[in-house]
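One structure below.
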Amino acid sequence: MRRIILFFIASIYLFSCDPRQTDLSGEVDAYVPVYGSLSDIHDIAMEPQKSTLKPGKIYAYKNYIFQNDLYTGVHIIDNSNQKNPVKIAFLKLPLSTDIAIKGDYLYANNYVDLTVFDISDPVHAQLVKRVANVFPGPDQDFPPFRGTYFQCPDKSKGIVVRWEMQHIKIPNCRR
Amino acid sequence: MKKNILYLLIILLFFCQCEKDTASSFQNSGTTGQGGSLARFAITGNYLYTVDENQLKVFDIISGSNPVLKNTVDVGFAIETIFPFKDKLFIGSETQVYIYSIEDHANPKLLSSAISPQVLRRCDPVVAKDSVAFATLRTNGPCGGTQSILAVYNIKDITNPVEVTTYPVGEPYGLGYDDDVLYVCDKQRGLLLFDISRPYQPTLIDTNINDGSYIDVIPYQNTLICWTTTGIILYDITDNRKPVLIKNIN
């Protein structure tokens with residue numbers, strides 16, 4: 001068993017010595033772990049409306065339009081006046097990407113949990129339920145795809161909450 | 001990851017709830033909202049269906065505030081999207097579409113994963129209207145192919161779509177329809193409108209709408225909600241052939 005592990009480590013090492021496709025700046029596309037802690041992930045709040053940074057999925061419900069802001073939360077837009085819809089609030093919901101709504105309950109992912117919000121008053125959406133550990137989290141050791149360079153995770157920095165493709169110098173791992 | 005979401009999806013989009021006049025369901029507290037084509041969450045009836053990389057999960061949401069995980073189904077690899085179509089679920093992965101029956105809501109049953117690759121390949125957003133499906137096949141990026149097209153299929157037999165006609169387009173993404181107008185997001189040419197009153201002969205409506213880089217659309221009541229690379233752009237589609245810019249929300 002130990003031999004297999006040693007062999008595995010050796011092959012990772014060998015792979016990591018491959019000549020790399022670098023551009024003039026010596027950088028390559030590589031996956032980089034994004035770290036977080038459970039307290040960050042569970043830091044959910046209603047905030048005033050704000051600018052959209054990474055526009056994500058859209059959803060329409062009653063007189064409201066929702067747009068996920070990738071990995072940070074959900075913009076809430078009041079469309080009662082269809083001539084002038086306005087952002088009214090931001091639901092801070094770390095690591096969320098998807099929502100669906102029925103009967104004034106908004107369902108959204110919050111890392112590996114399913115969360116439920118009562119949105120009968122959307123500006124004051126209330127977390128009413130958390131169903132823990134129903135979605136798989138990102139692999140703690142490897143990025144989601146093979147055949148790529150990546151920065152080896154440093155476990156002292158926390159949980160790997162996602163892998164992000166970046167253009168970096170000398171990624172220290174390859175898979 | 002964002003790039004993957006944008007580029008690697010099989011996108012299945014069904015607009016059965018898109019009719020402009022939804023006044024009755026509008027006031028019903030049990031109203032279900034409407035998602036876009038890249039969704040991983042879908043509600044149909046009293047069930048929330050979610051997909052992750054490999055699995056389909058079924059949550060009973062009869063008690064809205066207390067979802068109960070009822071079932072977990074191993075589907076395949078690199079699952080990207082889920083789309084409810086009548087009593088079926090279309091689950092898109094990078095390489096194929098899986099069709100599940102949800103006649104028994106909590107127990108999805110695999111019907112088929114054998115859709116012809118030239119019909120519903122990856123990167124192919126689809127909308128279905130009655131027995132007709134519209135798909136955009138994008139050829140740039142990792143998806144292969146030679147010419148991006150809008151394709152029209154006969155889906156009377158849902159497990160065996162038959163291509164009837166195609167129309168060349170630029171770099172298409174999501175699409176959706178309102179009545180007899182089909183909206184197609186095209187990164188090169190803007191928002192394209194097609195008259196689909198004769199669905200097997202879609203004709204391009206002469207417009208020039210190019211206010212952003214369009215990713216997906218939801219026709220909703222009299223508004224066309226467009227997801228763009230900068231946020232949302234809204235159009236008044238009271239006259240569905242002549243969208244009028246309402247505003248950008250960034």
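The values are calculated or read from the model by the stated rules, or taken from the named source; none is laboratory data. Model, not experiment: these values are computed from the prediction. For neighbour counting, all protein chains shown are included, and Cβ atoms are generated from backbone atoms with ideal geometry for every residue, glycine included.
In table form, for the structure just shown:
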{"item": "Index of the failed condition, B:G35 passing every other in (1) of a type in the set (G, A, S); (2) over 30 Å from B:V184 (Cβ atoms); (3) at pLDDT 70 or above", "result": "(2)"}
{"item": "Which numbered condition B:L182 fails, given (1) within 13 Å of chain A (Cβ to nearest Cβ); (2) among the aliphatic types (A, V, I, L, M); (3) in contact (Cβ under 8 Å) with a residue 24 or more places away in the chain", "result": "(1)"}
{"item": "Qualifying positions in the range A:130-158 - closer than 30 Å to A:L106 by Cβ, under 16 Å from the mean Cα position of the chain (by Cα) and surrounded by fewer than 19 Cβ atoms within 10 Å (Cβ to Cβ)", "result": "A:N133, A:V134, A:P136, A:G137, A:D139, A:Q140, A:P144, A:G158"}
{"item": "Odd one out for A:D113 among (1) in contact with a strand residue (DSSP E or B) (Cβ under 8 Å, 6 or more places away or on another chain); (2) closer than 23 Å to A:S39 by Cβ; (3) free of Cβ contacts under 8 Å to residues at least 60 places away in the same chain; (4) at the interface with another protein chain (Cβ under 10 Å from one of its Cβ atoms)", "result": "(4)"}
{"item": "Test: residue in the range B:95-109 that is modelled with pLDDT of 85 or more and of a type in the set (S, T, Y)", "result": "yes"}
{"item": "Counted residues, the range B:205-245 - those being assigned to a strand (DSSP E or B), more than 11 Å from chain A (Cβ to nearest Cβ) and loosely packed, with under 14 Cβ neighbours inside 10 Å", "result": "1"}
{"item": "Residue selected from the range B:47-68 under the condition under 15 Å from B:Y100 (Cβ atoms) and hydroxyl-bearing (S, T, Y), by the criterion surrounded by the most Cβ atoms within 10 Å (Cβ to Cβ)", "result": "B:Y49"}
{"item": "Count of the range A:22-39 residues which are without any contact (Cβ under 8 Å) to a residue 60 or more places away in the chain and in a helix (DSSP H, G or I)", "result": "1"}
{"item": "The one condition in (1) at pLDDT 50 or above; (2) more than 9 Å from chain A (Cβ to nearest Cβ) that B:L69 fails to fulfil", "result": "(2)"}
{"item": "All positions within the range A:118-175 that are closer than 14 Å to A:G36 by Cβ, more than 14 Å from chain B (Cβ to nearest Cβ) and either in a strand (DSSP E or B) or touching a Cys at 6+ places or on another chain (Cβ under 9 Å) (or both)", "result": "A:P153, A:I159"}
{"item": "Of all residues making up the range B:75-114, the number that are within 12 Å of chain A (Cβ to nearest Cβ), closer than 21 Å to A:V134 by Cα and among the charged types (D, E, K, R)", "result": "1"}
{"item": "Residue count for the range B:171-198, restricted to those that are touching a Lys or Arg at 6+ places or on another chain (Cβ under 7 Å) and either under 18 Å from B:L137 (Cα atoms) or part of a loop (DSSP other than H, G, I, E, B) (or both)", "result": "5"}
{"item": "Members of the range B:199-208 that are at pLDDT below 95 and more than 15 Å from B:A151 (Cβ to Cβ)", "result": "B:D206, B:T207, B:N208"}
{"item": "Members of the range A:65-78 that are facing chain B (nearest Cβ under 7 Å) and either of a type in the set (D, E, K, R) or closer than 18 Å to B:L224 by Cβ (or both)", "result": "A:I65, A:Q67, A:I77"}
{"item": "Single condition A:E27 does not satisfy, out of (1) modelled with pLDDT of 95 or more; (2) touching a His at 6+ places or on another chain (Cβ under 8 Å)", "result": "(1)"}
{"item": "Options A:K92, A:K57: the member that is away from every other protein chain (no Cβ under 14 Å), without any contact (Cβ under 8 Å) to a residue 60 or more places away in the chain, in contact with an Asp or Glu (Cβ under 7 Å, 6 or more places away or on another chain) and at negative phi", "result": "A:K92"}
